Amino acid sequence: MTLVTRQEVLGLYRKIFRIAKKWQSASGQIEETIKEKEYIKNEAKTLFRKNKNVTDPKLIKQCIEECEARIEIGLHYNIPYPRPIHLPPMGLAHKQGRTLRHQEKLRKISKPIYLKSHDEVS
C-alpha cells in the first residue's frame, strides 16, 4: 500500500469515528442514538480489520469507494445502516434457462458498491 493510500484509508477511519461521535438518530431518542453510534463504530472496526491485509490496489480502491459511498448515503438519509436493494426473486433472469447459478451471478453484478461487504460481515 502506498503512503498516499494509507493516509487516505486512515483519514476515512478517523472521519467515520468523528461522524459517530456527532451522530444523532432521525428519531431523536437517546437510546436510538446510542445504538446507532455503536453500530457505526462496530461496523467500521469490523470492516477495516477484515480488509487490513488487502494489498491489491484495485481491491483497496474498491473498498475506499464503498466506504465513501456508505458515508455519503448514511449522512444523506440520516441512517447508519446500508440501504437494502429490492430485486424481485427471478426478475433478472432471462426467460430462457432460469438457472439459479445465472440468477446469483446477475444479483452479484447488480449489487450496489455500498453493499459489497455488508453480506460478508452481517
When residue 2 is run through (1) among the polar types (S, T, N, Q); (2) surrounded by 11 or more Cβ atoms within 10 Å (Cβ to Cβ); (3) over 20 Å from residue 117 (Cα atoms), the failure sits at (2)
The residue from 85, 79, 64 that alone is among the aliphatic types (A, V, I, L, M), under 16 Å from residue 12 (Cα atoms) and either surrounded by 11 or more Cβ atoms within 10 Å (Cβ to Cβ) or at pLDDT below 90 (or both) is 64
Of (1) of a type in the set (Ser, Thr, Tyr); (2) open to solvent by 50 Å² or more (accessible area, probe 1.4 Å); (3) modelled with pLDDT under 95; (4) in contact with a helix residue (DSSP H, G or I) (Cβ under 7 Å, 6 or more places away or on another chain), residue 99 satisfies every one except (4)
Looking across region 48-57 at residues that are among the basic types (Lys, Arg) and assigned to a helix (DSSP H, G or I), the single one that is most open to solvent (accessible area, probe 1.4 Å) is 49
Only one of 15, 35, 45, 21 is part of a helix (DSSP H, G or I), open to solvent by 70 Å² or more (accessible area, probe 1.4 Å) and within 18 Å of residue 69 (Cβ to Cβ), namely 15
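The values are calculated or read from the model by the stated rules, or taken from the named source; none is laboratory data. These numbers were taken from a predicted model, which means no experiment stands behind them. When we count neighbours, we look across all protein chains shown, and the Cβ atoms used for this are built from the backbone with ideal geometry, even at glycine. Only protein heavy atoms, including side chains, enter the accessible area calculation; ligands, DNA and RNA are left aside. Shrake-Rupley method; radii C 1.70, N 1.55, O 1.52, S 1.80 Å.
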